[in-house]
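Read the structure below first, then the notes.
Values in this text are rule-based calculations from the coordinates and carry no lab data. As the structure is a prediction and not an experimental result, all values here were calculated from the model. Neighbour counts run over all protein chains shown; Cβ positions are idealised from the backbone, glycine included.
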Amino acid sequence: MTEKGFINLFEKTLGVFAFGFVLLPKLVPLFFILLISVVVIGFIKKELFFQINLLSGLSLLFYLCYLVGLFFTHDSNLGVFELEKKLSFVIFPLILSLKLKKTWSLNMTFIGFILGTFIVSIYGIWIALDCFLQPGGTKACLLTSAISPIHHPTYLSAYVFLSIAIAYHGWREKMAYFSLYWIIPFIIFGIVLHGFLLSLSGILFLFIALILILIIWTKKKFSKIVFYTSICIFPLFGFIALNTIPQIHGEWENATLYAKEYIDNPESFVSKRNYPMSGTEVRIVMWTASYHTFCAHPFGVGTGNVDEYLSKELVKLKQEELIHHNYNPHNQFLQTAVEIGFFGLLVLFSIVFFGLYYGFKYRNWLLIIIIGSLFFNCLFESMLQRQSGIVFYCFWICLFSTRLYNAQKE
């Protein structure tokens, strides 16, 4: 195999992986085998070399924290299962921390990911419309999980947002196949889809990003007076949108109402919640239980022990009903803190901090977006507890950091 031939094979394999893990998440192990096989061929042919970077090293350290936590587990089967779910924190740093002899492109990777995300979205819309058009179909058929049957709505929101960013980036960089003829409709499609997925964190992240983009654009195009005025006006537009768009207004109104009530009297709020609860109510209760558990066990309860300890805390909070539904903390930072303690939480924050630091330092906007997405969504969901989140974030963070590190060396 020639040097150019291997580069083409490697680029296409990354594209297949980016396409496959979105569209066929249950077949991720097969896509891993394919990617690992190609990387091994590269090592044998001496077409690439292992070259770890800081973010990849932190990912390995993050997994090590879970490995240490296994020694404190009360259920070895659950502990091993958690380690298996998080193997991406080992595999990606090892197979993507590479230095190739020739410059390689992410064009096929970008196309594969965008195509996979689009097909998954269209499939969800088709399923939702079929439900809606059936006798007795309601608008509920078109919202949240009903329109996102393969991935949780928050994860699909993250996929769609990154796809939009990649599409724009590909056009700006004049990559092959990135034409405004399909990019503009795709961006509009992605923004509208956020409204049907009804992921509050996904919608808020979209609004924040759009406001920042408008402010940056204003700074480049207009005078300082217009720029400073826009800083005050554009956030107001976002606030108005949150309070006027019907599908979003209810979620936002409930969230603000419950937040005020909780601040006034946290103990009373938690103990008086009756099941069934709204998503916001469940989050507040689980955040409270997780925080209390972390305070009692600052070094973690052990890998796989989270459910056991949260159940004990929910009994104390008079919320025994939630135990039967196996809710996680709905916040990855609390999830990590409870399970592997302060040191694991520090490693997770380090990944976020250094990802943003190097992203801003070298103006790698895609790295900033993926790290920003991870940080923001982790405030509302345990994003690294499902393969949809683990594979997605590990893959892109390791890939972007490798490209950044190689660029630094060159």
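Of note:
- Here the chain is treated with +1 on each Lys and Arg Cβ and -1 on each Asp and Glu Cβ, and its dipole about the Cα centre works out to around 1700 debye.
- Using the Karplus relation 6.51 cos²θ - 1.76 cosθ + 1.60 with θ = phi - 60°, the per-residue 3J(HN,Hα) values for segment 106-123 come to 9, 4, 5, 5, 5, 4, x, 5, 4, 5, x, 5, 5, 5, 4, 5, 5, 4 Hz, with x marking Gly and Pro.
- Against the empirical curve 2.2 N^0.38 Å, the C-alpha radius of gyration of segment 1-90 lands at a ratio of 1.34.
- Summarising the amide proton neighbourhood of LEU98: residues at separation of 5 or more, or on other chains, whose placed amide H is nearer than 5 Å comprise GLN51.
- Pairwise Cα distances in the chain exceed 37 Å in 26 percent of cases.
- Residue among SER271, LEU322, LEU24 farthest towards the positive dipole end of the chain, charges placed on Cβ: LEU24
- The peptide list 337-345, 5-13, put in order of mean Cβ contacts within 10 Å with the highest first, becomes 337-345, 5-13.
- Shown in residue order for segment 179-185 are the 3J(HN,Hα) couplings computed by the Karplus curve 6.51 cos²θ - 1.76 cosθ + 1.60 at θ = phi - 60°: 10, 5, 4, 10, 5, 4, x Hz (x for Gly and Pro).
- Across segment 154-165, rounded Karplus estimates of 3J(HN,Hα) from the backbone phi angles (6.51 cos²θ - 1.76 cosθ + 1.60, θ = phi - 60°) give 5, 5, 5, 4, 5, 4, 5, 4, 5, 4, 4, 4 Hz, Gly and Pro being marked x.
- Distance between modelled label sites at PHE349 and PHE222, nm, 7 Å Cα→Cβ extension: 3.8
- Over the chain, DSSP H runs of length four or greater, each weighted -39,500 (n - 2.57), average out per residue to a 222 nm ellipticity of -25000 deg cm²/dmol.
- Added length on full extension, which subtracts the Cα-Cα distance from 0.36 nm per residue, LEU67 to TYR123: 16.4 nm
- Estimated from the Cβ-Cβ distance and a Förster radius of 45 angstrom, the FRET efficiency linking HIS324 and SER37 is about 0.55.
- With R₀ fixed at 56 Å, the C-beta to C-beta distance from LEU133 to ARG363 puts the FRET efficiency at about 0.75.
- Packing around the peptides 388-401, 216-229, taken as the average count of other Cβ atoms within 10 Å per residue, puts them in this order, highest first: 388-401, 216-229.
- FRET efficiency, 1/(1 + (r/R0)^6) with R0 41 Å, evaluated for ARG172 and ASN254 via beta carbons: 0.60
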